[in-house]
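Taking it in order: structure first as structure tokens, then the write-up.
Bear in mind that the values in this text are calculations on the coordinates, not laboratory data. The structure presented is a predicted model; accordingly, all values stated were derived computationally and were not measured. Every residue, glycine among them, receives a Cβ derived from its backbone with ideal geometry; neighbour counts consider all protein chains shown.
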Amino acid sequence: MFEFSWPWCFVLLPLPWILSRFMPLKQQGQLRLRIPGFAKLGLNNQAVQQHSRKVSLLEWAVWISLVVAIANPTWLDEPITLPNEGRDIMLAVDLSGSMTEQDMEYRNNQYVDRLTMVKAVLSDFIEQRQGDRLGLILFGDTAFLQTPLTRDVKTVSQMLSEAQIGLVGRATAIGDALGLSVKRFANKDESNRIVVLLTDGQNTAGNLDPEDALLLAREEGIKVYTIGVGSDSKRGFSLFNMGGMSGGNLDETLLKRIAEQTGGLYFRAKDVAGLQQIYQELDKLEPISNDEQTFRPQISLFYIPLLVALGLISIAMLVSFIRQFKQES
């Protein structure tokens, strides 16, 4: 689509005619649009008067080109739909040693370890977050930022898939994970800031007490959804818990308090189906805006009529120079 940014500029088109119509005859020559070099190249002599009609047409063509350039012709490309305004979600995932316990029913009575189950289900959740900005924090003895907030959900999913037990120690620093999540939101907008904290244990390490981290989250207005992972049954085997009480070390009291005091909710994931249901529930609790935003790329074309004007002037000067050269020779 083609349009002019300032179409009102076309009111200037008849300006030379108006001036020639109403100005005194002796002043018209002074106000007349003249191409540079006409006088210098001898175009104001008798030869120019014989071609006054052609010169007048050329001057009008230059004037029209300049006015068109001032009006700024613009090409509007096809509309492009922008991603819907989403949420800022920081995912904090526990990599403590107990995440190796194989007590999570996957399908047909097959059991996998907790981290494998979390990766499988959370990856699907991540890939469906079009329009959201996601970040990934991994925590064990301490917490570190694996991926800052980004709309590149594929990268976040890839970083999660590469996470391994022991990468940041084998303890559980819940306070550090929550505190780091709050810190990463420090320069972001206050709306739609969400932390999804997933753990299977209780705070046993770190530099920041969970209660202090909770206070920081409340002060910043960040909503925290906590997920406790682990089955209640004695199944499977791990190097850290030889078929023992799978969910016995989970500090549900702390996780519930963090969620309630920040406006979030606490969920318990005992199997794959339960974790999938939790993520579906999160979609309902934190919906994405349905208002589509579009924009149309604009390409300014003012330089085209401007080049036309300059080209006409250059051609006129070249023709005048050739005529003068012939006359002198």
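Tabulated values for the structure
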item	result
Whole-number percent relative contact order across the range 135-178, with pairs defined as alpha carbons under 8 Å at least 6 apart	53 percent
Net +/- balance of residues flanking G140 in space, Cβ distance below 13 Å, scoring K and R +1, D and E -1	-3
Inter-probe distance in nm under a simple model that places probes 7 Å from Cα toward Cβ, at S56 and D152	6.5 nm
Virtual spin-label span in nm between L145 and W8, 7 Å along Cα→Cβ	4.7 nm
Inter-site label distance for R323 and N72 at 7 Å from Cα along Cβ, in nm	3.8 nm
